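Report on the following structure.
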Amino acid sequence: MKQILALLCTLAWFSFPAAAQKTPTPKVKSRPAAAGGVVVGKTIYARNCLTCHQADGGGVDGMNPPLTQTTYVLGDKTRLVKVILNGLQDEDIDGEPYNNVMPAFDILTDQEIADVLTYIRSNFGNKASEVTPAEVKAIRATNRK
Ligand code: HEC
């Protein structure tokens, strides 16, 4: 697992100067699901999301919403990615109020956001399509600051 993260960090590091020079960034080959994707997503979830949304995605009543079958998790990907990029507060989730604040996670890379969202959309009883790094990148580019 450490090696995979080290590899991701290395890839992220090398992609920045490339982007700055406006040279086309080499396409990272999509990794087989067993080697990355959902497995990496689970680690990112454990580090950044689990304390609030819980290991089973059940959330905490009145504080943090569940990630099980919610319209945010299963619905429009743009809205979902924006929750991660911008955070969220004072919104009812499927009719229920939650008092805690969802922090912004715009420090995560496109790949990390894609992996963690693909993880939550295919776990906790959810069956929704994957989110790709390219989709996150496009949404981040149009995201208001
Ligand atoms: C400090 C606690 C906290 C952390 C950490 C956190 N969230 Fe949240 N999250 C919340 C709260 C609170 C809301 C609801 C905010 C509101 O009601 O407006 C929320 C809302 C959401 C929603 C939309 C509502 C829903 O339940 O479907 C998603 C999706 C989500 N979070 C995913 C994540 C992911 C993925 C991570 C990790 C990258 C994460 N959250 C980290 C507290 C947290």
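Where a number appears in this text, it was derived from the coordinates with a stated rule and is not lab data. From a predicted model like this one, the values you see are computed outputs, not experimental measurements. All Cβ positions, glycine included, derive from the backbone under ideal geometry; neighbour counts span all protein chains shown.
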- prompt: From the Cα gyration tensor of region 30-145, with a ≥ b ≥ c the square roots of its eigenvalues, which class applies: rounded if a/c is under 1.5, or else prolate if a/b is larger than b/c, or else oblate?
  reply: oblate
message: Can you tally the net charge around Gly41? Count Lys and Arg as +1, Asp and Glu as -1, for every other residue whose Cβ sits under 10 Å from the Cβ of Gly41.
response: -1
message: Which of the three applies to region 91-145, rounded, prolate or oblate, going by the alpha-carbon gyration tensor with a ≥ b ≥ c and a/c under 1.5 meaning rounded?
response: oblate
- request: Identify the residues of region 101-145 with backbone N under 19 Å of a label point that sits 7 angstrom from the Cα of Thr78 along the Cα-to-Cβ direction, or state none.
  value: 114, 129-145
field: Under 17 Å, Cα to Cα: Lys pairs in region 28-145, sequence gap 8 or more or different chains
entry: 7
